[in-house]
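In what follows, a structure is listed as C-alpha cells, so that the remarks can point back to it.
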Amino acid sequence: MKHHHTYLQPHDHGLYVLISKAQPTNQSMAKTNLVENLLIWNEQGEPRDVFSHPLTGVYLNSFTLDMLKSGDSSKSSIFAKLARLMVEN
C-alpha cells in the first residue's frame, strides 16, 4: 500500500485540499494531484466556515486512499465515486 499526505489551506470562502503521495515534493505537480476547492453554503446561499464545519470532516474521512486502482492507490472520495456511478449509469 502507498501512503498519502493531505494538505489543507483555508482561504476566504473555502478550503483547498491537496492529496499527494508520501514522497518528497517536486517542482512540478503530477496531473493526478489536483487541488480541490471545498465550499459550503447555508440555506440563504451565504458561504460557511469550511475549515470547522462537520461536513468537511465527513468528506475528508470518505477518501478511499488505500483501495487499489490500476496498480496505484486511489485518491478520491467515495462520494465522488458514487456520484460518478450515478451519472454514468
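The values are calculated or read from the model by the stated rules, or taken from the named source; none is laboratory data. Please read all numbers here as calculations on a predicted model, not as lab measurements. For neighbour counting, all protein chains shown are included, and Cβ atoms are generated from backbone atoms with ideal geometry for every residue, glycine included.
For the range 1-12, name all the residues that are surrounded by 10 or more Cβ atoms within 10 Å (Cβ to Cβ), part of a loop (DSSP other than H, G, I, E, B) and at pLDDT 70 or above. Step through it out loud before you land on a result.
Start the filter on the range 1-12 by keeping residues that are surrounded by 10 or more Cβ atoms within 10 Å (Cβ to Cβ), which leaves 2-11.
Checking the rest, the ones that are also part of a loop (DSSP other than H, G, I, E, B) come to 2-3, 11.
Correct list: 11 only.
Which pairs turn up if I take residues in the range 45-56 that are loosely packed, with under 12 Cβ neighbours inside 10 Å and look for partners that are part of a loop (DSSP other than H, G, I, E, B) with beta carbon separation below 8 Å, at least 6 apart in sequence or on another chain?
Note: pairs meeting the criteria are 55/40.
I'm told residue 64 meets every condition in (1) exposed (fewer than 12 other Cβ atoms within 10 Å of the Cβ); (2) modelled with pLDDT under 80; (3) of a type in the set (Val, Ile, Thr) except one. Can you identify the failing condition by its number?
Going through (1) exposed (fewer than 12 other Cβ atoms within 10 Å of the Cβ); (2) modelled with pLDDT under 80; (3) of a type in the set (Val, Ile, Thr) one by one, residue 64 breaks only (1).
If you go through the range 13-49 one residue at a time, how many are modelled with pLDDT of 85 or more and in a loop (DSSP other than H, G, I, E, B)?
Summing the residues that are modelled with pLDDT of 85 or more and in a loop (DSSP other than H, G, I, E, B) in the range 13-49 gives 10.
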